[in-house]
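Okay, so here's the structure we're looking at.
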């Protein structure tokens, strides 16, 4: 567990550049070795552009939480209200679209604290089910999600550049089920 004070706060449009840089770096560190550079470049250019992040941070259907340690971004989560995969059958579902923690803070309690706050925020907003999609080859993330009570309910495609991959869809009730 970290001994440095962790602050979790709601992100705003002024955080766009930090979120874009952090998101792209985390995505590349996690998936770069297993994917073609051109697919990574295409996805990151489209997803982590600063202006796109600024727009996302102002969308009413999204909630983005930042985890900060010593004034630096240690992780972030993003909830999104939108279309729900057919395999998600729980009441009032919300998607955990992004959940990233800097490698430096893995195993030190940051992910657990950020997840607890993300779940609490979703509950407070009236959501009763949370779901996410995770690459089937991301065993570390899958193990973490299982640890915090998500269960596998199906799959869906994920487009990474020109490569169509398979994501596992995981779900949990926000009452702990």
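No lab work stands behind these numbers, since they all come straight from the coordinates. These numbers come from a predicted model, not from an experiment. Ideal geometry is used to build each Cβ from the backbone, glycine not excepted, and the neighbour counts take in all protein chains shown.
Quick one: work out the % antiparallel among DSSP beta bridges in the chain, nearest 5.
90
If one puts a single equal scatterer on every Cα of region 98-168 and applies the Debye formula without solvent, what log₁₀ I(q)/I(0) results at q = 0.14, 0.27 Å⁻¹?
-0.52, -1.29
What are the extents of the Cα atoms of region 6-173 along their three principal axes, in Å, largest first?
37, 36, 32
May I ask you to order 160-172, 64-76, 48-60 by the average number of other C-beta atoms within 10 Å around their residues, highest value first? If you can, show how the numbers build up before the last one.
On the way: 160-172: 17.2, 64-76: 19.0, 48-60: 15.0.
The packing order, highest mean first, is 64-76, 160-172, 48-60.
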